[in-house]
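Novice: Let me give you the structure first, and then I'll get to my questions.
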Amino acid sequence: MRVLIINAGSSSIKFRLYDMEREKLLAAGTLERIGETDGSSVYRKYSAADDVEEHKKNSPVADHTAGLKQIFDFLESNGPLDSMESLHAIGHRVVHGGEAFQAPTLIDEDVINGIREMISLAPLHNPANLAGIEATRRLCPHVPQIAVFDTAFFRALPPRAYRYALPDELYRHHHVRRYGFHGTSHQYVAKQAAAYLQQPLKTLRVITLHLGNGASAAATLHGTCIDTSMGMTPLEGLIMGTRCGDLDPSVHFYLARTLGMDFDEIETLLNHNSGMKGLCGVKDMREVHRLADSGDERARLAIDMFCYRICKYIGAYHVTLGGLDALVFTAGIGENDPFIRQSVCNRLSVLGITLDRNRNQDGTSGTFNISGENSKVKVLVVPANEELEIARQVVLTVNKDRAH
Ligand code: ADP
């Protein structure tokens with residue numbers, strides 16, 4: 001049962017091909033700088049013995065259709081697939097499903113129109129996701145295609161968590177509310193944590209921290225997510241590589257009135273030139289550490305603020321969940337940065353959380369437990385794998401559809 005997962009961004013396409021009988025990765029790759037003169041791609045094929053065969057190419061890629069055609073040619077000519085039509089299904093990551101799409105959905109014209117209607121809520125993401133879907137439908141018209149929404153894991157947030165204290169009609173008529181993002185990642189690592197602890201997720205209170213370039217926290221009570229840090233857009237919440245996270249809305253008025261900035265400039269400032277980059281000049285956490293280690297006070301403060309903001313959310317969600325069984329770190333920083341994990345957990349002794357310094361420092365592959373011997377909460381590191389979660393949801397959706 002071969003399932004292809006496509007994650008189409010505005011200028012890139014990432015893909016993964018799985019054999020879902022064994023949940024084995026067969027091929028993966030990334031195609032970058034679509035529409036520019038210096039397009040490039042890296043494709044990897046994984047053999048039975050887990051050997052990796054890598055193919056790199058530097059050539060311009062005109063648009064998403066040309067990019068997908070290149071990917072499909074690679075998959076057909078390099079062995080993982082006899083033909084694209086032999087695929088069981090194709091899954092697409094779609095960032096914003098709004099209130100209309102609360103579960104993985106078999107794509108047809110109505111679904112495409114629905115995703116299009118959501119563009120005003122996710123202008124940076126949904127157009128690219130749509131371009132990927134439409135091109136794939138043209139190239140593989142007979143393979144079932146499923147949209148898996150980043151927002152869907154947050155479908156059961158209670159209104160007290162998802163509403164903003166704004167006039168009611170802004171929610172009722174204009175969709176202004178918190179939606180949450182990184183849902184597939186939070187869902188995957190919460191499930192993996194439960195499996196690792198050998199306890200059903202429906203018995204656990206879990207906080208998951210997705211700390212990558214984008215960063216978010218989610219509170220999952222007995223398998224249902226009840227609060228999350230990202231809002232109507234992925235700008236709210238934690239401090240990120242280039243995004244500011246929580247901010248007094250009056251800062252916008254001040255910037256407009258005092259500095260004469262327009263909407264576009266403010267949007268660019270808050271999304272692309274704030275966060276770690278705004279605080280200390282670099283967005284990559286490894287570079288922030290290098291600066292901090294060399295004595296740069298701005299970088300030290302940026303790290304302190306990054307961890308402090310995370311702790312504020314953990315404190316809030318601890319109350320929301322009525323206690324905590326597991327705290328889970330994932331994504332680039334969460335998986336690879338023992339210093340950040342330690343700095344966060346140092347502030348959490350009031351919750352009975354302790355770390356095992358050696359296990360935190362040494363790490364290992366796969367899921368690992370870094371909690372101290374007497375910690376009241378299990379602290380785990382779980383590698384992110386949104387694509388596998390999307391593939392699992394695709395299989396469930398196609399099978400359900402066939403059973404009807
Ligand atoms: P994205 O949100 O783009 O998927 P990732 O999950 O790949 O991001 O995370 C990217 C972040 O992870 C960057 O800030 C990068 O510096 C950080 N990161 C990756 N490896 C390490 C490491 N070994 N130590 C600290 N930070 C790391």
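Novice: Name the single residue, out of those in region 261-290 being under 25 Å from residue 249 (Cβ atoms) and of a type in the set (D, E, K, R), that is farthest from the ligand (Cβ to nearest atom).
Specialist: Checked region 261-290; the qualifying residue farthest from the ligand (Cβ to nearest atom) is 262.
So that you can scan it fast, the table gives a plain yes or no per residue for (1) touching a helix residue (DSSP H, G or I) at 6+ places or on another chain (Cβ under 9 Å); (2) polar (S, T, N, Q); (3) farther than 28 Å from residue 289 by Cβ; (4) at pLDDT 95 or above:
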residue: 213; (1), (2), (3), (4): yes, yes, no, no
residue: 221; (1), (2), (3), (4): yes, no, yes, yes
residue: 240; (1), (2), (3), (4): yes, no, no, yes
residue: 252; (1), (2), (3), (4): yes, no, yes, yes
residue: 270; (1), (2), (3), (4): yes, no, no, yes
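Novice: Moving on. Which one of the conditions (1) under 24 Å from the mean Cα position of the chain (by Cα); (2) of a type outside the set (A, V, I, L, M, F, W, C); (3) part of a helix (DSSP H, G or I) does residue 137 fail to meet, given that it meets all the rest?
Specialist: Result: residue 137 passes all but (1).
Novice: Right, here's the next one. crowded, with 20+ Cβ neighbours inside 10 Å and among the polar types (S, T, N, Q) - does that describe any residue in region 103-114? Give the derivation first.
Specialist: Looking only at region 103-114, we keep the residues that are crowded, with 20+ Cβ neighbours inside 10 Å, and these are 104-105, 107.
When the remaining residues are screened for being among the polar types (S, T, N, Q), the result is 105.
Checking region 103-114: at least one residue is crowded, with 20+ Cβ neighbours inside 10 Å and among the polar types (S, T, N, Q).
Novice: Okay, next question. Of the residues 257, 298, which is more than 16 Å from the ligand (Cβ to nearest atom), modelled with pLDDT of 95 or more, more than 27 Å from the chain's Cα centre (by Cα) and within 26 Å of residue 210 (Cβ to Cβ)? Break it down stepwise before answering.
Specialist: On the way: 257 fails: within 26 Å of residue 210 (Cβ to Cβ).
Of 257, 298, the one residue that is more than 16 Å from the ligand (Cβ to nearest atom), modelled with pLDDT of 95 or more, more than 27 Å from the chain's Cα centre (by Cα) and within 26 Å of residue 210 (Cβ to Cβ) is 298.
Novice: Tell me which residues, restricted to region 372-404, are within 16 Å of the ligand (Cβ to nearest atom) and part of a helix (DSSP H, G or I).
Specialist: If the condition is that a residue be within 16 Å of the ligand (Cβ to nearest atom) and part of a helix (DSSP H, G or I), then 386, 387, 388, 389, 390 are the ones that fit.
Quick grid of which residues meet (1) surrounded by 21 or more Cβ atoms within 10 Å (Cβ to Cβ); (2) without any contact (Cβ under 8 Å) to a residue 24 or more places away in the chain:
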{"residue": "150", "(1), (2)": "yes, no"}
{"residue": "159", "(1), (2)": "no, yes"}
{"residue": "168", "(1), (2)": "no, yes"}
{"residue": "205", "(1), (2)": "no, no"}
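Novice: Hey, which of the strands (runs of 3 or more DSSP E) in region 1-117, taking only ones fully inside, have at least 1 residues that are within 30 Å of residue 173 (Cβ to Cβ), under 20 Å from the mean Cα position of the chain (by Cα) and not polar (S, T, N, Q)? Before you say what the answer is, go through the steps one by one.
Specialist: On the way: elements: 2-8, 13-19, 24-32, 40-46, 52-58, 89-94.
Answer list for region 1-117: 89-94.
Novice: Between a residue in region 325-342 that is under 15 Å from residue 367 (Cα atoms) and in contact (Cβ under 8 Å) with a residue 40 or more places away in the chain and any residue that is within 12 Å of the ligand (Cβ to nearest atom) and polar (S, T, N, Q), which pairs come within a Cβ distance under 8 Å, given they are 6 or more apart or on different chains?
Specialist: If the second residue must be within 12 Å of the ligand (Cβ to nearest atom) and polar (S, T, N, Q), the pairs left are 330/185; 331/185; 332/213.
Novice: What helices (runs of 4 or more DSSP H) completely inside region 207-286 contain at least 2 residues that are farther than 16 Å from residue 299 by Cα? Can you show your working first?
Specialist: Details: elements: 250-259, 263-272, 275-280.
Once the helices (runs of 4 or more DSSP H) in region 207-286 are filtered for at least 2 residues that are farther than 16 Å from residue 299 by Cα, what remains is 250-259, 263-272.
Novice: Given the structure, is residue 241 within 16 Å of the ligand (Cβ to nearest atom) and within 22 Å of residue 344 (Cα to Cα)? Before you say what the answer is, go through the steps one by one.
Specialist: Numbers: within 16 Å of the ligand (Cβ to nearest atom): yes; within 22 Å of residue 344 (Cα to Cα): yes.
For residue 241, the condition - within 16 Å of the ligand (Cβ to nearest atom) and within 22 Å of residue 344 (Cα to Cα) - is met.
Novice: Could you say which residue among 157, 166 is assigned to a loop (DSSP other than H, G, I, E, B), over 22 Å from the mean Cα position of the chain (by Cα) and among the hydrophobic types (A, V, I, L, M, F, W, C)? Before the answer, list the steps.
Specialist: Values: 157 fails: over 22 Å from the mean Cα position of the chain (by Cα).
Of 157, 166, the one residue that is assigned to a loop (DSSP other than H, G, I, E, B), over 22 Å from the mean Cα position of the chain (by Cα) and among the hydrophobic types (A, V, I, L, M, F, W, C) is 166.
Novice: Scan region 245-275 residue by residue and report those that are more than 24 Å from residue 97 (Cβ to Cβ) and crowded, with 20+ Cβ neighbours inside 10 Å.
Specialist: Kept after step one, since they are more than 24 Å from residue 97 (Cβ to Cβ), are these residues of region 245-275: 247-266, 268-269, 272-275.
Passing the criteria: 274, 275.
Novice: Filter region 346-362 for residues that are over 17 Å from residue 323 (Cβ atoms) and touching a Cys at 6+ places or on another chain (Cβ under 9 Å); which is nearest to the ligand (Cβ to nearest atom)? Quick ask: steps written out before the conclusion?
Specialist: Looking only at region 346-362, we keep the residues that are over 17 Å from residue 323 (Cβ atoms), and these are 346-347, 355-362.
From the residues that got through so far, the ones that are touching a Cys at 6+ places or on another chain (Cβ under 9 Å) too are 346-347, 355, 360.
Details: 346: 17, 347: 19, 355: 17, 360: 13 Å.
Out of the qualifying residues, it is 360.
Novice: Okay, moving on. Could we say that residue 128 is part of a loop (DSSP other than H, G, I, E, B) and either modelled with pLDDT of 95 or more or not β-branched (Val, Ile, Thr) (or both) here?
Specialist: Answer is no for this residue.
Novice: Restricting attention to region 324-338, does a residue exist that is under 22 Å from residue 198 (Cβ atoms), more than 16 Å from the ligand (Cβ to nearest atom) and either assigned to a helix (DSSP H, G or I) or of a type in the set (D, E, K, R) (or both)?
Specialist: The answer is yes; a qualifying residue exists.
Novice: In region 175-194, is there at least one residue being within 16 Å of the ligand (Cβ to nearest atom), closer than 16 Å to residue 246 by Cα and surrounded by 24 or more Cβ atoms within 10 Å (Cβ to Cβ)?
Specialist: Looking through region 175-194, at least one residue is within 16 Å of the ligand (Cβ to nearest atom), closer than 16 Å to residue 246 by Cα and surrounded by 24 or more Cβ atoms within 10 Å (Cβ to Cβ).
Novice: Further, regarding this structure: Yes or no: residue 293 more than 16 Å from the ligand (Cβ to nearest atom) and either out of contact with any strand residue (DSSP E or B) (no Cβ under 9 Å at 6 or more places or on another chain) or among the polar types (S, T, N, Q) (or both)? It would help to see each step written out before you state the result.
Specialist: Values: more than 16 Å from the ligand (Cβ to nearest atom): no; either out of contact with any strand residue (DSSP E or B) (no Cβ under 9 Å at 6 or more places or on another chain) or among the polar types (S, T, N, Q) (or both): yes.
So residue 293 does not fit the description; no.
Novice: Against the condition within 23 Å of residue 289 (Cα to Cα), at pLDDT 95 or above, among the aromatic types (Phe, Trp, Tyr) and crowded, with 19+ Cβ neighbours inside 10 Å, how does residue 339 come out, does it pass?
Specialist: Here the answer is no, as residue 339 does not meet what is asked.
The values are calculated or read from the model by the stated rules, or taken from the named source; none is laboratory data. Please read these numbers as outputs of a predicted model, since none were measured by experiment. For neighbour counting, all protein chains shown are included, and Cβ atoms are generated from backbone atoms with ideal geometry for every residue, glycine included.
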